[in-house]
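Scroll down for the structure; my scribbles are underneath it.
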Amino acid sequence: MSYQHGIEVVRKKSPVEAIRSLSAIQVVFGTAPIHLSEDPAAAVNKPMVVESLEEVKAKFGYNDDFEKYTLNHSTFSNFELFNIAPLVFVNVLDPAVHKTAIPSKTVPIVKGTALIDEEGVLLSSVVVKSADAATTYEKNKDYVISFNDAGKPVIAVVPSGAAGAATEISVEYTKLNPDAVTEEDIIGGYDAQTGKYSGIELIRNVYPQTSLLPAQLLAPGWSHKPNVAAVLSAKSEKINGGFNVINILDVDSHTVKKREDVPTWKAENGYTGRNSVVLWPMVKAEGKKVWFSAVAAARIAQTDADNEGVPFKSPSNKPLPIEATVLADGTEVLLDQPDANVLNGAGIVTATNFGGWKLWGNNMACYPELKDPEDRFISIVRMINWWGNTFILAYADKIDDPGDKKLIQNLVDAENIRANGFSGKGQIAGAEIEYRESMNPIENILDGKIVFIQRIGAFAPAENIKTYLEFDRDLVAKALGGE
């Protein structure tokens, strides 16, 4: 950035408020270009809510490097393709660990500025000295430093400062090394010495810390690695002791390049979880290669938002703002509907261009091993998860109240009224809750335990509509005035 003096007007795109989708909250694990953020150290292994693209830029940074910085996939999908919020991001790229120190090097000053032609530089680490390194210049007195539009540091020399007459300077700095991030960093764990969680283990902190209930777990750019996928799958059940969610996983589009090989890879690598949605291949949107999990999770959130925040409709056959399906190397993969159906039959969701690009597939990863509707259909699994999760939230304040008839009857009445409202709108087939004395012996009541039984009926997606079409010669005869 050059030295500024005078009046400046910068055109800024008018902000568009994102559509809120609270029934499909995405918790996304990965790496972010935090060197571009306001406080890089504050954005490490901490669940942070983002409501807009500007907030992402401030908290995590954002650029066009989708290879090194995997959270960019979800930023792009949600805020540039679908305009959906909020999300919870967990960045594991740590500037105190994943870094590379760059020794002193000389940079020329051209028209009052010097460019550090490198990406990932931590501005706070930059030390500026004279060319002979004898004098250390003072920031905001002898020079100012900021990123240019390409995310590279530009040093503007103050004419009246100690470096005003210099033609070159010496710089040393530290830059991020996202290549040093490993699967173990994404998976994370618990540090007994510090008492802190990291990586995917931080899912347990999301609701207590943000008051947002997770609904989808994903790690675009990482979930195609079986170890990461296995942990995402395991952490999708009984979060904070009770919440169940789905996880969105990618098949490895680096190595799996043919449709015929996808089902085998899925089975051999254990992508068969009851709470998993598996996708192949990647997609291309606005010229960018994007892991499908990021786009699919945003599409799910958009579908919920279009339906009053109730996850009763399938995301399948809903529009995708993409221009192609691709492999990791950019090779286009065109799947017609029969090809896509073969993948669907193996429990894999994909995309097909049939009257415009659409998400295509209703089955969870456990299909075809598990064929019951409550196991196999994405919309039913999500509806059951959502019903149970919202039950916990709705009646959490009843815990520790007197366990008397009043509590029991009020809960039963309130829940059945709630169920009638959803069934009246056609969002569920029906639901009910019941208290049975046979399931609640006096010993249990005196021990503080009350048991209810709930039932819910959710509609399956109309996945196959068939009609028989036949030729009728009598209709032709009548049209011609004959018998």
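The values are calculated or read from the model by the stated rules, or taken from the named source; none is laboratory data. Every value quoted in this text rests on a predicted model; they were computed, and no experiment measured them. Note: ideal-geometry Cβ built from the backbone for every residue, glycine included; neighbour counts use all protein chains shown. We work out accessible area using only protein heavy atoms, side chains counted, and drop any ligands, DNA or RNA first. Shrake-Rupley method; radii C 1.70, N 1.55, O 1.52, S 1.80 Å.
A few remarks follow.
- Within the range 298-327, the residues that satisfy the criterion of being of a type in the set (A, V, I, L, M, F, W, C) and touching a Ser or Thr at 6+ places or on another chain (Cβ under 7 Å) are ALA298, ALA301, ALA305, VAL310, PHE312, LEU327.
- Residue list for the range 25-42, restricted to those being under 18 Å from PRO220 (Cα atoms), of a type in the set (A, V, I, L, M, F, W, C) and touching a Phe, Trp or Tyr at 6+ places or on another chain (Cβ under 9 Å): VAL27, VAL28, PHE29, ALA32, ILE34
- All positions within the range 416-441 that are assigned to a helix (DSSP H, G or I) and either in contact with a strand residue (DSSP E or B) (Cβ under 9 Å, 6 or more places away or on another chain) or surrounded by 13 or more Cβ atoms within 10 Å (Cβ to Cβ) (or both): ASN416, ARG418, ALA419, ASN420, PHE422, SER423, MET439
- Condition check for LYS406: of a type in the set (D, E, K, R) and either in contact with a helix residue (DSSP H, G or I) (Cβ under 8 Å, 6 or more places away or on another chain) or within 21 Å of ALA24 (Cβ to Cβ) (or both): no
- Residue within the range 43-59 that is farther than 18 Å from LEU22 by Cα, part of a loop (DSSP other than H, G, I, E, B), open to solvent by 10 Å² or more (accessible area, probe 1.4 Å) and not β-branched (Val, Ile, Thr) present: yes
- Filtering the range 347-356 for residues that are touching a Lys or Arg at 6+ places or on another chain (Cβ under 9 Å) and assigned to a helix (DSSP H, G or I) leaves an empty set.
- Per the listing ASP474, ASP401, ASP413, the residue uniquely over 29 Å from ASN344 (Cα atoms), free of Cβ contacts under 8 Å to residues at least 12 places away in the same chain, assigned to a loop (DSSP other than H, G, I, E, B) and not hydrophobic (A, V, I, L, M, F, W, C) is ASP401.
- Condition met for LYS225 (without any contact (Cβ under 8 Å) to a residue 40 or more places away in the chain and either touching a Gly at 6+ places or on another chain (Cβ under 9 Å) or closer than 30 Å to SER293 by Cβ (or both)): no
- One residue from ILE102, ILE84 being open to solvent by less than 30 Å² (accessible area, probe 1.4 Å) and in contact (Cβ under 8 Å) with a residue 24 or more places away in the chain: ILE84
- Residue identified as outside any helix (DSSP H, G or I), open to solvent by 20 Å² or more (accessible area, probe 1.4 Å), at pLDDT 95 or above and among the aliphatic types (A, V, I, L, M) among LEU407, LEU370: LEU370
- Within the range 322-339, considering residues that are touching a His at 6+ places or on another chain (Cβ under 9 Å) and either open to solvent by 50 Å² or more (accessible area, probe 1.4 Å) or small (Gly, Ala, Ser) (or both), the one nearest to MET364 (Cα to Cα): ALA328
- Residue match in the range 340-352 (condition: under 23 Å from ASP64 (Cβ atoms) and either open to solvent by 20 Å² or more (accessible area, probe 1.4 Å) or of a type in the set (S, T, N, Q) (or both)): no
- Residues that are part of a loop (DSSP other than H, G, I, E, B), open to solvent by less than 20 Å² (accessible area, probe 1.4 Å) and closer than 13 Å to ALA351 by Cα within the range 274-321 comprise TRP280, PRO281, TRP291, PRO315, SER316, LEU320, listed in sequence order.
- The range 188-238 - residue that is among the hydroxyl-bearing types (Ser, Thr, Tyr) and open to solvent by 20 Å² or more (accessible area, probe 1.4 Å) and, of those, nearest to THR255 (Cα to Cα): SER233
- Answer residue from the range 25-42, given it is touching a Pro at 6+ places or on another chain (Cβ under 8 Å) and of a type in the set (A, V, I, L, M) and is most open to solvent (accessible area, probe 1.4 Å) among those: ALA41
- Once the range 105-138 is narrowed to residues that are free of Cβ contacts under 8 Å to residues at least 40 places away in the same chain and part of a loop (DSSP other than H, G, I, E, B), the residue that is nearest to ALA162 (Cα to Cα) is TYR137.
- Looking across the range 239-255, just one residue is without any contact (Cβ under 8 Å) to a residue 40 or more places away in the chain, more than 23 Å from VAL181 (Cβ to Cβ) and either assigned to a strand (DSSP E or B) or open to solvent by less than 30 Å² (accessible area, probe 1.4 Å) (or both), and that is ILE239.
- Scanning the range 7-39 for residues that are modelled with pLDDT under 65 and more than 15 Å from ASN78 (Cα to Cα) gives GLU8, VAL10, ARG11, LYS12, LYS13, SER14.
- Restricted to the range 113-157, and to residues there that are over 22 Å from LEU93 (Cα atoms) and among the hydroxyl-bearing types (Ser, Thr, Tyr), the residue that is surrounded by the fewest Cβ atoms within 10 Å (Cβ to Cβ) is THR136.
- Across the range 461-474, not a single residue is classified as touching a strand residue (DSSP E or B) at 6+ places or on another chain (Cβ under 9 Å), at negative phi and surrounded by fewer than 13 Cβ atoms within 10 Å (Cβ to Cβ).
- Boolean, VAL110 is open to solvent by 50 Å² or more (accessible area, probe 1.4 Å), farther than 18 Å from ASP39 by Cα and among the aliphatic types (A, V, I, L, M): yes
- Single condition ILE145 does not satisfy, out of (1) in a helix (DSSP H, G or I); (2) in contact with a helix residue (DSSP H, G or I) (Cβ under 7 Å, 6 or more places away or on another chain); (3) free of Cβ contacts under 8 Å to residues at least 40 places away in the same chain: (1)
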